[in-house]
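Below: the structure, in structure tokens.
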Amino acid sequence: CMRCDKSNAVLRFLKEMQRNGHDVVYPVKEHIILSLLKSCAKLRDKEMGFEIHEYTVQTKLSGNLFIGTAIVDMYAKCGATEQAREVFNSLPVRNVVSWNALIGGYSQHDQGKFALDCYVEMRNQVILPDGITFSCTLKACASIKDVDKGRDIHADVLKIGIFETNQFVGNALVDMYSKCGLREEAHKVFNKLPSRDIVSWNALIAGYAENGKFEEVLNQFYQTKDPWLTIVLHKSVLG
């Protein structure tokens with residue numbers, strides 16, 4: 001694809017600079033490195049990401065918070081969570097974006113306990129979580145069925161006041177309670193959502209379906225008022 005070709009071309013340029021000893025004379029600008037790392041993360045190209053990481057170490061760019069965080073994100077999205085943690089630990093400063101990169105990687109690759117441990121560590125360092133933090137940690141709770149931690153995070157969501165303004169967090173709460181088998185709790189959160197979309201409905205209905213409550217699935221299905229939403233739900237739930 002065009003993105004792959006562009007990324008590979010820039011990487012070849014970096015290697016050529018290294019061979020010619022021009023790292024210091026002609027340093028590659030930060031935004032180019034960030035763009036490359038982002039491409040590697042999207043393409044799940046760990047090999048290229050490692051090459052770029054090595055380049056940033058040699059040119060002392062890895063200590064830059066933005067680049068360091070991008071490296072963590074790249075490794076995390078490529079499933080190399082141990083390497084992501086190593087880079088994270090080496091960062092001189094960490095912010096919510098750095099933590100989100102690591103937590104998101106653990107959550108995405110079925111390492112829910114590690115994601116939740118990071119959340120606790122982050123809160124102990126008095127770093128305020130955002131919508132991405134909550135969405136990822138709630139996903140982790142759902143994956144390992146840790147409803148106690150899910151309730152704690154729910155309390156944090158309400159305390160910070162993000163429930164009313166972030167659709168993704170509200171949907172993640174419905175999904176977490178549904179997957180933990182707490183259908184009533186899921187329904188309570190669902191009813192309090194400021195707005196509902198296809199993800200909200202799917203999270204609620206899937207929870208009933210997974211627990212064998214097929215009559216309730218149909219009841220929820222027929223409560224939808226939006227014709228387009230009804231069609232989508234019909235395809236996703238009833239087949």
The correct count of residues that are surrounded by fewer than 18 Cβ atoms within 10 Å (Cβ to Cβ) and within 22 Å of residue 198 (Cα to Cα) in segment 144-165 is 2
Output for segment 33-81, where each listed residue is small (Gly, Ala, Ser), touching a helix residue (DSSP H, G or I) at 6+ places or on another chain (Cβ under 6 Å), surrounded by fewer than 23 Cβ atoms within 10 Å (Cβ to Cβ) and under 20 Å from residue 114 (Cβ atoms) = 41, 80
Those residues of segment 27-50 which are β-branched (Val, Ile, Thr) and modelled with pLDDT under 85 amount to 28, 32
Looking only at residues in segment 90-110 that are surrounded by fewer than 19 Cβ atoms within 10 Å (Cβ to Cβ), among the β-branched types (Val, Ile, Thr) and part of a helix (DSSP H, G or I), which one is farthest from the chain's Cα centre (by Cα)?
-> 96
Could you look through segment 111-148, keep only residues that are part of a loop (DSSP other than H, G, I, E, B) and polar (S, T, N, Q), and pick out the one that is nearest to residue 200 (Cα to Cα)?
-> 111
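The values are calculated or read from the model by the stated rules, or taken from the named source; none is laboratory data. All of these numbers come straight from a predicted model, not from anything done at the bench. Because the Cβ atoms are built from the backbone with ideal geometry, glycine has one as well, and the counts that use them run over all protein chains shown.
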